[in-house]
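A short write-up of the structure that comes next.
Bear in mind these aren't lab numbers, they're just calculated from the coordinates by the rules spelled out. Remember, predicted model here, so these are calculated numbers, not experimental data. Quick reminder, even Gly has a Cβ in these numbers, built from the backbone with ideal geometry, and neighbours come from all protein chains shown.
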Amino acid sequence: MHNPAPDVMLHVSELSKAFGALRATDAVSLDVRAAEIHAIIGPNGAGKTTLIAQLAGELPPDSGRIEFLGRDITRLPPHTRSHLGLARSFQITSVFLDMTLLDNVALAVQAHQGHSYRFWKAARRDAALVQPAMTLLSQVGLAKRAHRLARDVSHGEHRQLEIAMVLATRPKLLLLDEPMAGMGTEEAARMVDILQGLKGQTAMLLIEHDMDAVFALADRITVLVYGQVIASGSPDAIRADTSVRRAYLGEDITAG
Amino acid sequence: MIDWSLIVTQCLNGIQLGVLLFLLASGLTLIFGIMDFVNLAHGSLYMVGAFFCATFTELTGSFLLALVLSLPAVAAVGILVELVVVRQLYARDHLDHVLATFGLILCFDTLVQMLWGPEGMAIPLPTFLNGRVTIWPGIGFPTYRLLIILIGLAVAAGLYVIVTHTRVGMRIRAGASNRTMVSALGVNIQSLYTLVFALGAVLAGLAGLIIAPITEASIGMGNDIIIVAFVVIIIGGIGSIKGAFIAALLVGLIDTMGRAFLDGLLKLVISAQNAETAAPALSAMLIYILMAAVLAFRPQGLFPAKGR
Amino acid sequence: MGLILLALVPVFTALTDQSFYLDLVNRLMILAIAALSLNLILGHGGMISFGHAAYLGIGAYCVGIPAYYGVYSGWVHFPLAMGVSALFALLTGAICLRTTGVYFIMITMAFAQMMFFALVSIETYGGDDGLVIEVRSAFDPWLSLEDNVTLYYVTFASLAICLYLMHRIVQSRFGMVIEGAKGNERRMQAIGFNTYRYRLTSYIMSGAMCGFAGALLGNFTNFISPEMMDWMRSGELIFMVVLGGAGSLFGPVLGTAAFILLEEWLSGITLYWQLLFGVILILTVLLNRGGPLRGAKPLAGSK
């Protein structure tokens, strides 16, 4: 039995998932330490989405183990993982479009305030929900838009909303699935600032394509190609690694 | 004292019900599998087939000729329905399908009443189909019911061949897994859908007309059996013809055998009086209990169609 | 706005020289309660239950069967109706709610049909022909539902209470969970909600409320029959919810009113009124481009 170092929060061991002949996740092992940002990069089709799905609890792995804070969570459903402190953001915007931004975040707050078998008091006027939600919205810069319907705000604001919702669940570790997806330069820079600000509070496993962001934020980088880990280490080590360069054939990963 | 003759007869009855259900369910599952469309009015097409056959039999004097004439007639009705109503709803969600086809049921029931009157219509069979066949020394079985079984199996075989070995079948399967791709390749998706819907209609109409000589063509006859067809495709896996076939036979057998033998079986364990009250209710519930049991272990049915 | 409509209802009772209207509105209100209950899971929760009529039937039978044995007390009938309905909802919901989409629709339909056939087979309670209820529920020592006007007011009070309950539930934390689960179940699970349990709870609550309506219905018609739970009745209930605007508070009431009044009017015009009705229903669906589950509100105002 492998005993991970004491500051390891998430320990993934020999995780595998195959779809027929396709090995989407091939004996992946990695860990995330407290207060670090661990980025996962890899070309398209590397199996990053499948990996996140297994870490989040949406897809059962064929074999392998996932340990979070010393506890085996491999077979636990998503909502239980959330209560253990493992939160996840979605690559494709997945908010409650027909609710206001405030409602969206308040729901996330509500999820972690005990049970919701309360049928009488109006949730939207409940200070215990509204105040923390407003604070979180301010933190991501959306306080002024709190009462807008989610379907009426921009894509970048959706991504900010995602972060607010995820933070509302008081996570110990964040699984961030391409938080910068589809953002322009300015919005992406703002997101990098937000994530920088969170460093130290929360550990993060960051899946990203945006290399500027990755090299600005990551303490460690793991490279995934065809479901396998081909390299893992500090940003400088990865930059210099020849197998990584080969994988990103033609792509200039030294930029930024 | 096992009455083999009774068991074999009921078994065959079960298979007959099974193939009838298959005819209905196959169209339903095709339409859902390919167009993602929930057609509650499928039972109405079943009814229309029966009434067309009744009228054609009256006009031509021959049941078999009427059978042949009814199929294109039902196809025409199906095409009409597809063009006018169904086509507008492919992009909508399932609730809309369900509500619209529910409205269609009301329309069909009334139209049939307007055209054929409120009474049902009997369909007389030619004499050579009216007799019994000896399938084993001492065991006879109605000729016509045997014919139903044969027709059903022939259709099943035919469907299998069409879907797996013809170009149309290929297009159907391709259309099921990737609509945009297929239409980009130049296959006319709209016509394909109309074709599939018409095929489903013909299958439903065939089921209706084939059972009508036994049960009579009557208004609303499709509304109860459609639920059983739904149970069949839930058990078999929505979108799967193979699943529909196996599930249909299973449901047909369990329902028939249950109704025939359950009270006898119950009497072995509980008092005769209790058995007599409980048995009919329980046997009516059997197929639903089967459905619940299947879903408990395989929520997608026994043979779910891949890649939705 | 809705309050004005409710206020008009007692006015109708003044017209009760024509008991026809008393009956019509009474039936309308009972079905409105049923539609209200369906709205909780369909309009707010996005669960398309095509088997809700089963609860109307169960509720009615919970009046009829005890009455058959000489038990006429409403104190037995109504709690029994709600209890048995809740139990049925628990058992069937536990299975149904593990499925989604089309499977869910079909399975709810199938379970309701199962009850239908089960009751048809039980000859003692009338089977196919149904059972007449000689004596209506009595709430000793206060009142009995024998008197049509009393029944009317009890129904009216029930409807008002149910509306208020729904109003509170929908706004509560529980209501937010149900609504969130309708919009994006995956997200709800990701933020930490065990959506299955909450949905099952709403399903049970909805069933119980509809069972209550069923008990009222049994009293109203003085007759119970398996027909009450036929799947086509469930379809009608869905229409009542959708016509009025699924997901709004008064929508189900307005939708039921529209449905019943339309039915009355059309059946007075021609023998073949169902054809017109069917066409109208189809057109409603075809023209309602927003989609009923997206909170499109043809009749009612906003939430």
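Give A:Lys48/A:Lys172; A:Lys17/A:Lys172; A:Lys48/A:Lys121; A:Lys48/B:Lys242 a once-over and call out the pairs whose C-alpha atoms are over 31 Å from each other. Too far apart for the 31 Å limit: A:Lys48/A:Lys121; A:Lys48/B:Lys242. The C-alpha atoms of segment C:129-259 occupy a region whose extents along the principal axes are 54, 33, 27 Å, arranged from largest to smallest. Sparsely packed loop sites in segment B:52-137 (the GluC sites (Glu not before Pro) outside DSSP H, G, I, E and B with at most 11 other Cβ atoms within 10 Å) comprise B:Glu119. Net charge in the neighbourhood of A:Glu36 (other residues with Cβ under 11 Å of its Cβ; Lys, Arg +1, Asp, Glu -1) is 0. Look at the stretch C:99-109: the mean tally of other chain Cβ atoms within 10 Å of its residues' Cβ atoms is 6. Applying a DSSP loop filter and a limit of 13 other Cβ atoms within 10 Å to the chymotrypsin sites (Phe, Trp or Tyr not before Pro) in segment C:51-153 leaves C:Tyr69, C:Trp142. Remark: A:Val225, C:Val132, A:Val32 ranked as C:Val132, A:Val225, A:Val32, counting other beta-carbon atoms within 10 Å and listing the fewest first.
Near A:Leu76, once Lys and Arg are set to +1 and Asp and Glu to -1 for all other residues with Cβ below 14 Å from its Cβ, the sum equals +2. Between A:Ser16 and A:His209, full extension at 0.36 nm per residue minus the direct alpha carbon distance yields a gain of 67.2 nm.
Label sites at C:Val76 and B:Glu276, each approximated as a point 7 angstrom past Cα along Cα to Cβ, lie 2.6 nm apart. Label positions at C:Asp140 and A:Ala127, each projected 7 Å from the Cα along the C-beta direction, are separated by 5.2 nm. Across every pair of different alpha-carbon atoms, what Kirkwood hydrodynamic radius in Å does segment C:13-230 reach? With all distinct Cα pairs of segment C:13-230 included, I get 17.8 Å. Computed from the C-beta positions of B:Ala154 and B:Phe297, the FRET efficiency with R₀ = 41 Å rounds to 0.80.
For chain C, relative contact order (Cα pairs under 8 Å, six or more residues apart, normalised by length) works out to 32 percent. For segment A:95-170, a/c is not less than 1.5, where a ≥ b ≥ c are the root eigenvalues of the C-alpha gyration tensor, and a/b tops b/c. That puts it in the prolate class.
Full extension of the chain between B:Ala184 and B:Leu6 yields a length gain of 58.4 nm, computed as 0.36 nm times the residue separation minus the alpha carbon distance.
With contacts taken as Cα pairs under 8 Å at a separation of at least 6 residues, segment A:95-170 carries a relative contact order of 49 percent. Report the net charge of residues surrounding A:Phe119, where surrounding means a beta-carbon distance below 11 angstrom and charges are Lys +1, Arg +1, Asp -1, Glu -1. Counting the neighbours of A:Phe119, the net charge comes to +4.
With the charge dipole of the protein assembly as shown set up from +1 on Lys and Arg Cβ and -1 on Asp and Glu Cβ about the Cα centre, the Cα lying farthest toward the positive end among the listed residues B:Ala75, C:Gly64, B:Ile214 is that of B:Ala75. Each Lys and Arg contributes +1 and each Asp and Glu -1, all at the Cβ; summed about the Cα centre of segment A:95-170, the dipole is approximately 180 debye.
Binning the C-alpha pair distances of the protein assembly as shown at 10 Å intervals from 0 yields a P(r) profile of 2, 11, 19, 21, 19, 14, 8, 4, 1, 0 %, listed from the shortest bin outward. The distance between label points at A:Asp72 and A:Ala216 comes to 4.2 nm (points 7 Å beyond Cα on the Cα→Cβ vector).
Per-residue Karplus couplings for segment B:245-253, computed as 6.51 cos²θ - 1.76 cosθ + 1.60 with θ equal to phi - 60°, are listed in order as 5, 5, 5, 4, 5, 4, 5, x, 5 Hz, Gly and Pro entered as x. For chain B, calculate the relative contact order in percent as a whole number, restricting contacts to Cα pairs under 8 Å that are 6 or more residues apart. Once normalised by length, the contact order is 35 percent. Measure nothing fancy, just the Cα-based angle from helix B:63-84's long axis to the longest principal axis of chain B, in degrees from 0 to 90, nearest 10. The answer is roughly 40 degrees. A DSSP coil position with no more than 11 other Cβ atoms inside 10 Å describes the following GluC sites (Glu not before Pro) in segment C:65-174: C:Glu134. Between B:Thr134, A:Ala146, B:Ile254, whose Cα lies farthest towards the positive end of the dipole of the protein assembly as shown when Lys and Arg beta carbons carry +1 and Asp and Glu beta carbons carry -1, centred on the Cα centre? Checking the options against the dipole of the protein assembly as shown, the answer is A:Ala146.
Based on the alpha-carbon gyration tensor of segment A:48-116 and its eigenvalue square roots a ≥ b ≥ c, which shape applies: rounded if a/c is under 1.5, prolate if not and a/b is larger than b/c, or oblate? Oblate.
Shape call for segment B:243-282 from the C-alpha gyration tensor, a ≥ b ≥ c root eigenvalues: rounded (a/c under 1.5), prolate (a/b greater than b/c) or oblate? Prolate.
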